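Asker: Below are the structure tokens for one structure; questions will follow.
No lab work stands behind these numbers, since they all come straight from the coordinates. What you see is a predicted model; the values in this text were computed from it and never measured. Cβ: placed from backbone, ideal geometry, glycine included. Neighbour counts: every protein chain shown.
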Amino acid sequence: MKTVAATTDDTAEHIEDGPAPAARRRGTRPLALAVSVLGELLITAGLVLGLFVVYSLWWTNVIADRKADQQGHRIRDEWAQSAPGGPGALDTKDGIGFLHVPSMRNGEVLVKKGTSTDVLNDGVAGYYTDPVKATLPTAKGTGNFALAAHRDGHGAKFHNIDKVSKGDPIVFETRDKWYVYKVYAILDETSKFNVRVLSAVPRESGVTKPGHYITLTTCTPVYTSRYRYVVWGELVRVDKVDSKRTPPRELR
Amino acid sequence: MYGWIWRHLPGNAWVKALVSTLLVLAVVYVLFQYVFPWAEPLLPFNDVTVDNQ
């Protein structure tokens with residue numbers, strides 16, 4: 001039965017287009033056809049997953065770095081145009097300043113408001129507004145300046161957070177001031193629900209009194225979002241920005 | 001499947017190869033521009049914040 005059908009098909013194909021051996025490989029056996037289509041679909045799925053890795057770990061960085069560069073330049077321009085000490089220091093639409101962490105070796109990181117995906121995907125660090133409101137260093141009084149950024153992809157601004165050790169400086173640059181912090185505690189793994197790390201007085205870091213703290217959060221281990229990595233710093237001093245924008249000695 | 005596409009492309013082998021390349025590029029573009037950005041937030045690889053949810 002099968003042979004007959006195959007022969008008929010072969011003949012038909014043969015007349016339509018091409019030589020007989022090719023025709024026999026094609027469409028003659030439904031099972032073989034199904035297997036080859038399934039195989040090709042599986043190969044395709046593998047390639048798509050591979051492309052997704054390329055997308056997440058490379059392309060999103062390209063896009064995010066481009067965006068962050070644009071926004072960073074805009075802020076630098078705004079700062080250059082407005083006189084130091086004058087109005088405009090609180091204009092925070094494009095971002096409030098730059099974070100410098102020399103031990104992460106990633107240059108300056110633009111800091112913007114919010115930690116939603118939309119904000120962070122532009123290759124910036126965002127300060128928390130939810131679930132805990134971060135206290136900006138520019139604000140009066142004590143509090144915790146809590147930030148988040150991506151570990152991988154989308155600029156991967158906190159990729160090297162594990163290279164930060166106790167005593168390392170964290171410098172936050174605004175239009176008029178350099179805020180120099182010193183890392184005093186690190187939590188290399190915590191639950192993603194642990195919002196206490198963001199508190200105004202982060203007790204888990206060992207402090208008990210109100211102060212000027214900074215908290216960096218990101219995901220860990222790399223390439224996953226299973227846990228959170230937290231680095232705490234405390235304000236050491238505040239330098240005024242001079243006319244040449246000389247960085248504090250920690251950044252030289 | 002791919003054999004079927006190849007046979008239905010017009011022209012000789014060179015034209016077919018060129019059209020195939022363009023098709024592949026179009027697919028990669030659609031994936032990078034629309035599909036992956038849509039899929040990424042649904043996958044648990046890039047949540048960096050601590051929160052209550």
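Asker: Using Cβ counts within 10 Å as a stand-in for footprinting exposure, how do B:W38, B:W4 rank, fewest first? Each step should come with its number before you reach the end.
Answerer: Details: B:W38 9, B:W4 12.
Lowest count first: B:W38, B:W4.
Asker: Next up: Can you compute 3J(HN,Hα) from phi for each residue in the stretch A:100-107, using the Karplus curve 6.51 cos²θ - 1.76 cosθ + 1.60 with θ = phi - 60°, rounded to whole Hz and x for Gly and Pro?
Answerer: So the J values, rounded to whole Hz, are 10, 10, x, 6, 8, 6, 10, x.
Asker: With r defined as the distance between the Cβ atoms of A:D239 and A:R29 and R0 fixed at 51 Å, what FRET efficiency is calculated, to the nearest 0.05?
Answerer: Values: r = 78 Å, r/R0 = 1.54.
Efficiency computed from Cβ-Cβ geometry: 0.05.
Asker: Residues of A:128-141, mean number of Cβ from any other protein chain within 10 Å of their own Cβ, rounded to a whole number?
Answerer: That average works out to 1.
Asker: Could you list, in their original order, any pairs among A:K93/A:K182; A:K192/A:K240; A:K133/A:K244; A:K157/A:K177; A:K157/A:K244; A:K67/B:K16 whose Cα atoms are separated by more than 31 Å?
Answerer: Numbers: A:K93/A:K182 28 Å; A:K192/A:K240 36 Å; A:K133/A:K244 33 Å; A:K157/A:K177 22 Å; A:K157/A:K244 26 Å; A:K67/B:K16 38 Å.
Among A:K93/A:K182; A:K192/A:K240; A:K133/A:K244; A:K157/A:K177; A:K157/A:K244; A:K67/B:K16, the Cα-Cα distance tops 31 Å for A:K192/A:K240; A:K133/A:K244; A:K67/B:K16.
Asker: What order do you get for A:T208, B:T21 when you list them from fewest to most C-beta neighbours inside 10 Å?
Answerer: Working: A:T208 7, B:T21 10.
Listing A:T208, B:T21 from fewest to most nearby Cβ atoms yields A:T208, B:T21.
Asker: How far apart, in nm, are the 7 Å Cα→Cβ label points at A:R76 and B:L43?
Answerer: 3.4 nm
Asker: Express in whole angstrom the spacing between the alpha-carbon centres of chain B and the stretch A:131-172.
Answerer: 36 Å
Asker: Here's a follow-up. Among A:S116, A:S243, A:S205, rank each residue by its count of other Cβ atoms within 10 Å, from fewest to most, as a rough exposure measure. Walk me through the intermediate numbers first.
Answerer: On the way: A:S116 12, A:S243 6, A:S205 20.
Final ranking by Cβ density, sparse to dense: A:S243, A:S116, A:S205.
Asker: May I ask you to derive the FRET efficiency for A:L57 and B:A26 from their Cβ-Cβ distance with R0 = 25 Å, giving the value to the nearest 0.05? Numbers along the way, then the final one.
Answerer: Working: r = 23 Å, r/R0 = 0.91.
The pair A:L57/B:A26 has a calculated efficiency of 0.65.
Asker: Across the residues of A:184-192, average count of Cβ atoms on other protein chains within 10 Å? Write out the running numbers ahead of the final one.
Answerer: Working: counts 0, 0, 0, 0, 0, 0, 1, 1, 7.
Mean shielding count: 1.
Asker: Sticking with this one: Under the definition of partner shielding as Cβ atoms of other protein chains within 10 Å of a residue Cβ, what is the mean value for peptide B:39-46? Don't skip to the answer; put the middle values down first.
Answerer: Numbers: counts 3, 8, 2, 0, 3, 4, 12, 15.
The per-residue average across the peptide is 6.
Asker: Another question, if that's okay. Arrange the peptides A:125-132, A:227-234 so that the one whose residues have, on average, the most other Cβ atoms within 10 Å appears first. Before the final figure, lay out the partial values.
Answerer: Values: A:125-132: 20.4, A:227-234: 23.8.
Per-residue Cβ counts within 10 Å, averaged per peptide and sorted highest first, yield A:227-234, A:125-132.
Asker: State the extension gain, in nm to one decimal, for the chain segment bounded by A:A139 and A:A45, taking 0.36 nm per residue of separation less the distance between their alpha-carbons. Could the numbers behind the result be given before it?
Answerer: Numbers: separation 94, 0.36 × 94 = 33.84 nm, distance 5.13 nm.
Extending this stretch completely gives an extra 28.7 nm.
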